[in-house]
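The values are calculated or read from the model by the stated rules, or taken from the named source; none is laboratory data. Given the structure is predicted, the values throughout are model-derived calculations rather than measurements. Counting neighbours? That spans all protein chains shown, and the Cβs are built from the backbone with ideal geometry, glycine included.
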Amino acid sequence: MPEFHYVSSVKGHLVTRFPSLRLSVAQYIGATRKGKTIVWDETEVAAISEREWQTYRREYRRCMADKSLVERTKEDFEAYVADKQAREKEALEKTTAEAMERAKAEAREQAPSTGTTNQPTEVTSLKAKKAIR
């Protein structure tokens, strides 16, 4: 018996992750609800444990029969996880770089002007001019 069953959803078919029926917010395989809009990710490969598969076998088999779910392999799942981690790492690096640029810009704006402190000043008062002569 396999340890996990791997599946992906098909765009247009909203498949609930069946244990989530006990939760207040439903979880979907390969889809997320953003307000009234549903966003599908057909690249997502979900790993369903053997225990969950056996507990909800009728529901999952029905979804496979009506082509709401597509069977995938362990290799598909591992490739999906690796790609997802790479995308998350890239997004984190981008966010970090943007935050550092904002911090540098704020530091430049808040730093006192150093242009006049290291340059000689022009003597303008009469007393100072007389003292120099």
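Of all residues in the stretch 42-51, those satisfying the criterion of being touching a strand residue (DSSP E or B) at 6+ places or on another chain (Cβ under 9 Å) and at pLDDT 90 or above are 43, 44, 45, 46, 47, 48, 49, 50. Pairs are defined by a Cβ separation below 7 Å, a sequence spacing of at least 6 or placement on different chains, a first member in the stretch 76-93 that is under 16 Å from residue 45 (Cα atoms) and without any contact (Cβ under 8 Å) to a residue 60 or more places away in the chain, and a second member that is surrounded by 10 or more Cβ atoms within 10 Å (Cβ to Cβ) and of a type outside the set (Lys, Arg); the pairs so defined are 80/43; 80/44; 80/45. Residues that are on the phi > 0 side of the Ramachandran plot and touching a Phe, Trp or Tyr at 6+ places or on another chain (Cβ under 8 Å): does the stretch 75-88 have at least one? Within the stretch 75-88 (the criterion being on the phi > 0 side of the Ramachandran plot and touching a Phe, Trp or Tyr at 6+ places or on another chain (Cβ under 8 Å)), the answer is no, since none of the residues qualifies. Selection of the stretch 1-19 for residues being modelled with pLDDT of 90 or more and part of a strand (DSSP E or B) yields 4, 5, 6, 7, 8, 9. Of the strands (runs of 3 or more DSSP E) lying entirely inside the stretch 20-97, those containing at least 3 residues that are surrounded by 12 or more Cβ atoms within 10 Å (Cβ to Cβ) are 31-34, 46-49, 69-72.
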